[in-house]
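Report on the following structure.
The values are calculated or read from the model by the stated rules, or taken from the named source; none is laboratory data. Please read these numbers as outputs of a predicted model, since none were measured by experiment. Here the Cβ is made from the backbone with ideal geometry for all residues, glycine too, and neighbour counts use every protein chain on show.
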Ligand code: UGA
């Protein structure tokens with residue numbers, strides 16, 4: 001089956017490469033000529049473990065190609081995926097659908113065979129109806145159906161998530177849409193991955209509900225962590241204690257500096273907008289957004305405390321280890337590190353940082369921070385060493401070396417990757433999240 005993927009960003013490229021690996025014939029399309037040129041040269045536009053090898057082997061096998069021409073790329077495709085960005089619209093938090101609608105119009109004008117148009121971009125409820133209207137109005141002369149098929153890929157684990165999904169959600173309104181999508185996902189169906197067929201609007205809402213629920217779970221445990229610090233309890237044990245209840249589940253219960261990334265912050269805001277538009281408030285999600293926003297700067301204040309309080313901290317130095325919103329990505333979008341660095345520099349603290357992949361993206365967001373070549377260079381002369389992102393490289397720091405290099409043996413672990421007793425036994429002052 002021939003598949004066209006319009007948009008060769010994170011979602012489009014990972015999905016396209018995985019579909020090709022399943023044996024489909026895939027064309028990835030993008031307007032950005034330099035991105036397509038680099039892909040032809042085997043250079044990935046994003047950092048995602050395993051993606052370069054997957055792309056290379058499928059290009060070699062003749063199943064994956066790239067083009068800037070939408071009309072060429074969709075020729076003969078039975079499924080045309082729309083996988084372009086839906087950023088938060090400046091000012092009101094609504095998802096900006098202009099890229100999705102522009103693609104829909106072009107697809108409608110260029111359609112040269114019967115095809116199913118699949119929205120993979122995260123789009124608010126009702127977008128599929130509008131995409132259908134646009135394609136109809138653009139004079140499409142062939143049979144088409146518009147289907148919703150949200151993605152549930154985590155950055156850093158996207159290929160595994162695509163190939164071994166917990167579920168596939170397909171929102172279709174007719175048999176044509178359902179039949180073509182069954183064929184698209186047949187290789188996964190054979191792997192017994194559960195497929196949920198539902199209506200288009202339901203499928204669109206499932207995506208937002210899933211991300212909002214996960215953001216709620218994280219925010220819930222983060223507030224429990226704060227309470228643990230006050231009452232002298234241990235949040236990791238609270239997580240285990242509640243997570244072992246199958247009704248709750250143990251995943252996404254790691255307390256930390258607050259969620260970031262390209263999805264949770266944007267999608268929770270967009271869900272609030274939809275709820276407002278339909279006059280159906282979602283107060284829990286409202287609280288999650290507010291609590292998470294204030295948490296990020298609160299983490300900066302936690303570091304100031306470890307430096308002896310806001311007054312004493314002025315002129316001292318902090319080393320930030322990890323800047324990306326999570327490990328195994330170079331993505332800095334809404335990373336808690338931005339607010340932590342800002343709070344520190346606002347308070348007159350000198351900040352040095354190291355991140356294995358994110359420093360290039362981070363530097364413009366935190367111009368006052370000095371980026372270093374390795375963690376120990378950042379730690380040199382620091383009055384507090386702060387783990388902001390749990391990259392594997394920070395899980396086994398040479399603590400004796402840290403003690404020698406740093407100005408003071410103070411470790412602030414915002415991801416709870418060390419054991420308090422161990423670190424304290426080595427002579428450190430140790431602060432973490434929700435553990436005393
Ligand atoms: C998230 C979802 O997990 C994916 O299922 C979804 O497809 C994707 O958004 C999307 O909508 O495209 P992602 O943003 O890549 O994926 O990252 P996550 O692994 O979900 O982490 C999000 C944030 O939550 C990170 O800042 C992470 O540090 C934080 N987090 C996660 C915690 O603080 N605690 C946890 O227990 C888990």
Give me a count of the residues in segment 256-267 that are under 15 Å from the mean Cα position of the chain (by Cα) and near the ligand (Cβ under 8 Å from one of its atoms). 8
Here is a check on your reading of the model: is residue 253 within 8 Å of the ligand (Cβ to nearest atom) and either modelled with pLDDT of 95 or more or crowded, with 21+ Cβ neighbours inside 10 Å (or both)? yes
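Working carefully through the options 334, 330, find the one that is modelled with pLDDT of 95 or more, closer than 19 Å to residue 154 by Cα, surrounded by fewer than 24 Cβ atoms within 10 Å (Cβ to Cβ) and within 16 Å of the chain's Cα centre (by Cα).
334
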Count of residues meeting criterion [assigned to a loop (DSSP other than H, G, I, E, B) and at negative phi] in segment 362-386: 10
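Okay, residues lined up against (1) within 16 Å of the ligand (Cβ to nearest atom); (2) within 11 Å of residue 319 (Cα to Cα); (3) surrounded by fewer than 19 Cβ atoms within 10 Å (Cβ to Cβ); (4) modelled with pLDDT under 95:
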| residue | (1), (2), (3), (4) |
| --- | --- |
| 354 | no, yes, no, no |
| 358 | yes, no, no, no |
| 370 | no, yes, yes, no |
| 378 | no, yes, no, no |
| 386 | yes, yes, no, no |
| 394 | yes, no, no, no |
| 410 | no, yes, no, no |
| 427 | no, no, yes, no |
| 432 | yes, no, no, no |
Quick check on this structure: which one of 210, 275, 270 is modelled with pLDDT of 95 or more and either within 13 Å of the ligand (Cβ to nearest atom) or not in a helix (DSSP H, G or I) (or both)? 210
Qualifying position, being within 16 Å of the ligand (Cβ to nearest atom) and touching a helix residue (DSSP H, G or I) at 6+ places or on another chain (Cβ under 9 Å), among 151, 130: 151
Show me the strands (runs of 3 or more DSSP E) found entirely inside segment 5-115 where at least 3 residues are more than 16 Å from the ligand (Cβ to nearest atom). 25-29, 64-67
Any chance segment 306-316 includes a residue that's within 16 Å of the ligand (Cβ to nearest atom) and touching a residue at least 40 places away in the same chain (Cβ under 8 Å)? no
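Residue by residue, here is whether (1) farther than 18 Å from residue 323 by Cα; (2) touching a strand residue (DSSP E or B) at 6+ places or on another chain (Cβ under 8 Å) holds:
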site	(1), (2)
258	no, no
262	no, no
269	yes, yes
272	yes, no
277	yes, no
281	yes, no
284	yes, no
296	no, no
302	no, yes
For segment 234-250, what are the residues that are free of Cβ contacts under 8 Å to residues at least 60 places away in the same chain and either outside any loop (DSSP other than H, G, I, E, B) or away from the ligand (no atom under 12 Å from the Cβ) (or both)? 237, 239, 240, 241, 242, 243, 244, 245, 246, 247, 248
So which residues in segment 331-352 are within 11 Å of the ligand (Cβ to nearest atom), part of a helix (DSSP H, G or I) and more than 16 Å from residue 372 (Cα to Cα), if there are any at all? 336
Any chance you could count how many residues in segment 154-172 are more than 8 Å from the ligand (Cβ to nearest atom) and assigned to a loop (DSSP other than H, G, I, E, B)? 5
